[in-house]
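Visitor: One structure, pasted below without further comment.
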Amino acid sequence: MTRVVVVGAGPAGAALSYLLARRGIGVTLLERHTDFAREFRGEGLMPSGVAAFAEMGLASELDALPQTRIAEVAFFRGAKPWFRLTPGQLGAGGPRIVSQPAMLEMLVAQASRFGSFRIERGVTVRLECPSEASARLDKLKIRQAVVNVLRNAIEASARGGEVAVRARLDDGVAEVVVSDRGPGIPEADRDAVFAPFFTTKEQGSGLGLAIAREFAGAHGGDLRAESRDGGGVTIVPRLPRAGPGASS
């Protein structure tokens, strides 16, 4: 199954994840906080936004959230009143202020009804990429390879953990170093993790790292696993900076 990774569980990311999951598309939503109640924020919804929830089949779920209806909207030109929209003009789906944490939890709960949805909370992804780092690669396949490695690291991390992604250049070779502080890989399984269908996860397919290594190998590169001091693992896709099928 193709899996889309959505970074950041804001209103747009959560709504997109719900729509993809409803279509049966595999989607992983990454949220660095462990919950959405880190601060109270009101999400302003105009009638078009309210209509969008109705089109998603979530009108009643939206109405059940903590919210304040806006009875009248006044427009100004500078400091002078221009015109007003009354309740009759605004319609039944008029503007409102909705609790954003409650709205996000609702969208995630609705998306979780579908088996293709997954959320990873409380993991921070830190990116370190020098400005001069560039390469001409087959972006679709290499992007998928890096996403597979990154998803594996995130799923291995505990809540509140951090995944570091670093780009390195060395003698015509580009490396994307993905490091986590998960349980690590036993020495006996160091090569087996790249074999198709090998997995230590309850719901893992065992294909993510196998596909990543296949794409790297087809590009003239390789994928290796290294243990980290203090626990965890580092997966390193190593690729020539100008490989076959390169695209800018």
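Visitor: Give the residue, chosen from ARG121, ARG113, that is farther than 19 Å from GLY160 by Cα, out of contact with any Pro (no Cβ under 7 Å at 6 or more places or on another chain) and of a type in the set (D, E, K, R).
Guide: After ruling out the rest, the residue left standing is ARG113.
Visitor: Given (1) modelled with pLDDT of 85 or more; (2) surrounded by 16 or more Cβ atoms within 10 Å (Cβ to Cβ), identify the lone condition not met by GLU155.
Guide: For GLU155, the failing item is (1).
Visitor: Right, here's the next one. Working only within the stretch 195-234, note down all residues that are aromatic (Phe, Trp, Tyr) and at pLDDT 85 or above.
Guide: PHE215, the sole residue that qualifies.
Visitor: Okay, moving on. Count, please, the residues in the stretch 153-174 that happen to be over 15 Å from LEU239 (Cβ atoms) and in contact (Cβ under 8 Å) with a residue 60 or more places away in the chain.
Guide: 5
Visitor: Do we have any residue at all in the stretch 140-152 that's under 17 Å from LEU239 (Cβ atoms), in the same structural domain as ARG224 (by TED's automatic domain parsing) and surrounded by fewer than 16 Cβ atoms within 10 Å (Cβ to Cβ)?
Guide: Yes: the stretch 140-152 contains one or more residues that are under 17 Å from LEU239 (Cβ atoms), in the same structural domain as ARG224 (by TED's automatic domain parsing) and surrounded by fewer than 16 Cβ atoms within 10 Å (Cβ to Cβ).
Visitor: Additional query: Would you check if GLU43 is closer than 24 Å to ARG126 by Cβ, of a type in the set (Asp, Glu) and within 22 Å of the chain's Cα centre (by Cα)?
Guide: no
Visitor: Of the residues ARG113, ARG38, only one is among the basic types (Lys, Arg), at pLDDT 90 or above, out of contact with any Asp or Glu (no Cβ under 7 Å at 6 or more places or on another chain) and assigned to a loop (DSSP other than H, G, I, E, B); which?
Guide: On inspection, the qualifying residue turns out to be ARG113.
Visitor: So which residues in the stretch 116-140 are of a type outside the set (A, V, I, L, M) and touching an Asp or Glu at 6+ places or on another chain (Cβ under 9 Å), if there are any at all?
Guide: Correct list: ARG118, GLU120, ARG121, GLY122, THR124, ARG126.
The values are calculated or read from the model by the stated rules, or taken from the named source; none is laboratory data. Values in this document were obtained by computation on a predicted structure and should not be read as measured data. Note that each Cβ is placed from the backbone with ideal geometry, even for glycine, and that neighbours are counted across all protein chains shown.
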